[in-house]
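Colleague: Please read through the structure below; I'll follow up with questions.
Read-outs: derived from the displayed coordinates by stated rules, not from any lab. Bear in mind the structure is a predicted one, so any value in this text is a computation, not a measurement. A quick note on method: Cβ atoms are made from the backbone with ideal geometry, for glycine too, and the neighbour counts reach across all protein chains shown.
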Amino acid sequence: MALKNYRPELDGLRAVAVIPVILFHLGFQWIQGGYVGVDVFFVISGFLISSIILDEHERSAFTFSNFWLRRVRRIFPALVAMLVASTIAACFLMFKPDLFEVGKHGFASALSFANIAMINMGSYWGQTADESLFLHTWSLSVEEQFYFIYPFIVYLLFKLGRRWLFRALSAIAVLSFLAYVLGSLHNPVETFYLLPTRAWELASGCLAAIYKWREKKTLSAPLSSWLSILGLAAILGSCLALHGDADHPGSLIVPVLGAVLIVLFADVGDSPVKKILSLPPVVFIGKISYSLYLWHWPVIVMAKQRLFLDGSILSVIIVALLIACLSLLSYHFVEKTTRHRKHILVPALCALAFSLALSLTLFETLLSYDSSKYARVEWDGQLYNVNPADSWNREIKRRMVGVEVPERAKSLGSAYLTGGIIHQYGGPRPDVVVLGDSHALMWSALIDDICRSQNRTVSFYGADATSPFVSLPLKKTAGNLFFSAEERYQFDQKRLQYLDEWRPKLIILAVRWSIVDNLKETEDLLRFLGKLGSRVLLIEQPPELPFGKRNATQYLAFRGIEPLNKQRQYIQAESTGRYKAGKDLILRLSSLYPFCKIVPVADMFYKPGSGVMVLDGTRVMYIDDNHLSLSGSQYVRLRLSAAISAGIGPSLDDRNLRIPAAFRQGSISPAFINRR
């Protein structure tokens, strides 16, 4: 049996798994595939757990209770220690409104369903996930769920006959891998986090254990040596070559097979891989790899929140040393002292109960900063929102704390079917129609005021969290937070119908361009608008701030950025690739469709060398990272008023829009596009 003799190279393989993960999370660009260390861990876990179970079945010594108690002793003391210590530290170091998420995810992590809880955050590669204190525990939850289910599978297959074990697990691995590849294309978030689509990695380790257990013959030492070298090269090559969510989903099979080759063949003969992975420093890192994995992410997240981890070599070294110190303390005083204690269950349950109580307290408590020094922050978007459901979930309500939001009239709940929210300042039919998502709502109060001053009837047909773009011919799509699938179809149908009937002089299209990813839908709508003979204004997206889905006023208070009399204040913010892609998109659309003109706004908020304006005296420019407040939107009044006037009038010349010369069609330069 393979596990009867200790294999130091497997601890070395753990080191190979954990080091790239930490380097990747520390921000080293040359190892963007470092996340594959988690996949290597899955293979090792599958192999070791299968080896233990098979050995005990062979000796008729296996019991479910003993197996699970060993897993509890191995995993939970260190996990709970990290959860409790990190949660307490977060109360002093992290952005207070985020402690709600800390409590929610801490609770999920302690009860082994963190991977399921993380689905609501969206992609693992997104900014929201990147700031979750316990994001890394998703993989532990996957393993813990596997530890609960897998012994039953082995037990049942042994009842059917041992010959079925390898075949059944092979079938599970193949089906899980196919589900992972297909799911990554259609439901990438769920596919990334859930056990059924990760089972193939764990099953690969299980199959390796069955092979070692069943096969008495081994390959020759030279061939085994070359296969283990190939395995190590596959893992290290993947760490250097892969690039997160840009990878083809099937590419993860490379590091997984690499780990399998090392598990199967590194112990044969005296291979170079065995020598390297058995070096005492490498083995020691492998032994503390669980503690390293537990502690590295909370330290990195809190260091980033306090703006300490800024990419400088000194900050990285200090953070790495702190991770190492905490990991050593955890290993020596928690892992080693609890791993083999048979009577640890009661203390562990007490610690777990304390962790759950602490998490629930944070989950139920709304913590915030004093924002009385700032001027009143307003958001009038709800008054122009045609969503049938005028209700925000708990997360959005927490994000909007302190922002004054006028209540929408209940009669507007059917406006999505009746031409939108129409304000008649001129003729009976709208001269101007506003389309878009929450960014259209962001500009709507300003547009309303401009149309009133110009005696133009306007229809507001924007909907929160709902793209205005459609595929034509129109077909039913999925619903969202505010629309059922049927309501969404009716909304799209009625919008197109009213637009065709009205043929307005001007259509204003405002969306969060950085998240527009369906070019066909975008162009289908623009071609439809072009056939109406309408002119289209594409309002540029304001610069995005670097603090994610957070209340802007609260974040300024957290950073200690207080109002200064009649002075503008800025936050350094580098544009993301998606923001730049959004800028490129509207430039492309304006060049393809001559009836489209851009209304640039980013230059009014961005100051080279200083960043993005967030305060003008006491007035806060944003409500979160990408939406302007009512005060912020007013800065664009003159430019937008001129654009609307020119769009309805006889000329839509760029000079009449009062926009920077660099934005005039055909004169934009790549340097200008990318300078942010």
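Colleague: Quick one: if the Förster radius is 30 Å, what FRET efficiency do Phe64 and Val174 give, using the C-beta to C-beta distance and rounding to 0.05?
Modeller: That pair, Phe64 with Val174, gives E of 0.65.
Colleague: Further, regarding this structure: Which peptide among 379-386, 561-568 comes first, and what is the full order, when sorted by highest mean count of other Cβ atoms within 10 Å?
Modeller: My ranking of the peptides, most packed first, is 379-386, 561-568.
Colleague: Hey, another quick one. Count neighbours as other Cβ atoms within 10 Å of each site's Cβ, and list the GluC sites (Glu not before Pro) in segment 376-448 that are DSSP loop with at most 10 such neighbours.
Modeller: Glu407
Colleague: Quick one: Karplus J couplings for segment 7-22, per residue in order, coefficients 6.51, -1.76, 1.60, θ = phi - 60°, nearest Hz, x for Gly and Pro?
Modeller: 10, x, 5, 6, 5, x, 5, 4, 5, 4, 6, 7, 4, x, 4, 5
Colleague: From Cα pairs below 8 angstrom and at least 6 apart in sequence, can you work out the relative contact order of segment 2-364, rounded to a whole percent? Working shown, then result.
Modeller: On the way: 510 pairs, mean separation 121.3, N = 363.
Relative CO of segment 2-364 lands at 33 percent.
Colleague: Please report the antiparallel percentage of the DSSP beta bridges confined to the chain, to the nearest 5.
Modeller: On the way: 12 of 33 bridges.
Bridges in the chain that DSSP calls antiparallel: roughly 35 percent.
Colleague: Modelling each spin label as a point 7 Å along the Cα-to-Cβ direction, I'd like the Ser591/Ser123 distance in nm, to one decimal.
Modeller: It is 2.4 nm.
Colleague: Using a Förster distance of 30 angstrom, determine the FRET efficiency expected from the C-beta separation of Leu329 and Leu279, and round it to 0.05.
Modeller: Values: r = 24 Å, r/R0 = 0.80.
FRET efficiency, Leu329 to Leu279: 0.80.
Colleague: Could you check the simple spin-label distance between Ala465 and Glu523, using points 7 Å along Cα→Cβ, in nm with one decimal?
Modeller: My value for the distance between the label points is 3.1 nm.
Colleague: Find the centroid of the Cα atoms in segment 224-280 and in segment 419-445, then give the distance between the two in whole Å.
Modeller: So the two Cα centres are separated by 59 Å.
Colleague: Any idea what angle helix 163-186 forms with the longest principal axis of the chain, computed on alpha-carbon atoms, 0 to 90 degrees, nearest 10?
Modeller: 20 degrees
Colleague: Tell me the angle of helix 438-453 to the major Cα principal axis of the chain, expressed in degrees between 0 and 90 and rounded to the nearest ten.
Modeller: Approximately 10 degrees, to the nearest 10.
Colleague: Label 7 Å along Cα→Cβ of Ala375; segment 600-643 residues with amide nitrogen under 16 Å?
Modeller: 605, 613-623, 628-638
Colleague: Oh, and also: Direction-averaged shadow area of the convex hull around the Cα atoms of segment 2-364, nm²? Present the calculation step by step, with values, prior to reporting the outcome.
Modeller: Details: hull surface 70.6 nm².
Taking a quarter of the hull surface, the average projection is 17.6 nm².
Colleague: Same structure, new question: Work out, step by step, the length gained on full extension between Arg74 and Gln567: first 0.36 nm times the residue separation, then minus their alpha carbon distance; give nm to one decimal.
Modeller: Working: separation 493, 0.36 × 493 = 177.48 nm, distance 5.65 nm.
Roughly 171.8 nm would be gained on extension.
Colleague: Short version: what are the Cα gyration tensor semi-axes of segment 4-132, square root of 5 times each eigenvalue, largest first, in whole Å?
Modeller: On the way: eigenvalues 198, 88, 34 Å².
Result for segment 4-132: semi-axes of 31, 21, 13 Å.
Colleague: Can you give the translational diffusion coefficient of the chain in µm²/s, computed by Stokes-Einstein from the Kirkwood radius over Cα pairs at 10 °C and 1.306 mPa s? Don't jump to the answer; show the numbers that get you there.
Modeller: On the way: Rh = 27.9 Å.
Diffusion coefficient, whole number: 57 µm²/s.
Colleague: Which of the GluC sites (Glu not before Pro) found in segment 174-221 are loop residues per DSSP with 14 or fewer other Cβ atoms within 10 Å of their Cβ?
Modeller: Glu215
Colleague: As I understand it, the value is the acute angle between the Cα axis of helix 99-110 and the longest principal axis of the Cα atoms of the chain; what does it come to in degrees, rounded to 10?
Modeller: 30 degrees
Colleague: Separate question: Does anything in segment 445-478 have its amide N under 15 Å from the 7 Å Cα→Cβ label point of Ala409, and if so which residues?
Modeller: Under cut-off, by backbone N: 458-460.
Colleague: If you don't mind, another one. Go ahead and estimate [θ] at 222 nm for the chain from helices alone: -39,500 (n - 2.57) per DSSP H run with n ≥ 4, summed, over the residue count, rounded to 500.
Modeller: Counting only the DSSP helices, I get -17000 deg cm²/dmol.
Colleague: So which chymotrypsin sites (Phe, Trp or Tyr not before Pro) in segment 1-49 are both in a DSSP loop and have at most 11 other Cβ atoms within 10 Å of their Cβ?
Modeller: Hits after loop and neighbour filter: Tyr6.
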